[in-house]
Amino acid sequence: MNQIYRWLGTTKQNIHQRLNRELKRAEEEEQLKVVLRQVREDHPQMGCKELYRRIKPQTMGRDKFFEFYRSYGFKITPQKCFRRT
């Protein structure tokens, strides 16, 4: 195995740390999906920025959270009030 790690230009520790980070991130994403569904039911018009401020995910920043939010279909389209004068 050590030869494979040398050939890849990495270490055994690096591989295991990366796997642990990925597992932690995937676990948090699954939890976020559940939380976002619950919040969306209770507050259907709450925006993404407010959700980010309230949830404060550990493993992702604001932009990554916004991508995650949009990719799973939680984005809402604002309704415009049209007034004809």
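Shown in residue order for region 60-73 are the 3J(HN,Hα) couplings computed by the Karplus curve 6.51 cos²θ - 1.76 cosθ + 1.60 at θ = phi - 60°: 9, x, 4, 5, 5, 5, 4, 4, 4, 4, 6, 5, 9, x Hz (x for Gly and Pro).
Counted residue by residue at 0.36 nm each, then reduced by the alpha carbon distance between them, the extension gain from Arg84 to Leu23 reaches 16.6 nm.
Once C-alpha pairs closer than 8 Å and six or more residues apart are averaged by separation and normalised to the residue number of the chain, the relative contact order reads 26 percent.
When you count the other C-beta atoms within 10 angstrom of each residue and take the mean per peptide, 78-84, 64-70, 9-15 line up highest first as 64-70, 9-15, 78-84. Adding -39500 (n - 2.57) for every DSSP H run of four residues or longer, then dividing by how many residues the chain holds, sets the calculated 222 nm ellipticity at -21000 deg cm²/dmol. Based on the Stokes-Einstein relation at 4 °C and a viscosity of 1.567 mPa s, and on the Kirkwood radius from alpha carbon pairs, region 15-85 is assigned a translational diffusion coefficient of 94 µm²/s. A 1.4 Å probe run over the protein chains yields, for the chain, 90 Å² of accessible area per residue, whole-number rounding.
Ranking Ile15, Met46, Thr59 by how far each Cα lies toward the positive end of the dipole of the chain (charges on Cβ) leaves Met46 at the top. Taken one residue at a time, the phi angles of region 24-34 give Karplus couplings (6.51, -1.76, 1.60, θ = phi - 60°) of 5, 5, 5, 5, 5, 4, 5, 5, 5, 4, 5 Hz. Gly and Pro are set to x. Where the centre of each part is set by its Cα atoms, how far does region 71-85 sit from region 41-68, in angstrom? Distance between centres, Cα-based: 18 Å.
Of the peptides 16-27, 45-56, the order by per-residue mean of other Cβ atoms within 10 Å, starting with the highest, comes out as 45-56, 16-27. Rolling a 1.4 angstrom probe over the chain with all protein chains present gives an accessible area of which 50% lies on carbon and sulfur atoms.
The values are calculated or read from the model by the stated rules, or taken from the named source; none is laboratory data. Given the structure is predicted, the values throughout are model-derived calculations rather than measurements. Here Cβ is always computed from backbone atoms with ideal geometry, including for glycine, and neighbour counts include all displayed protein chains. Please note that ligands, DNA and RNA were not included when accessible areas were found on the heavy atoms of the full protein model with its side chains. Shrake-Rupley method; radii C 1.70, N 1.55, O 1.52, S 1.80 Å.
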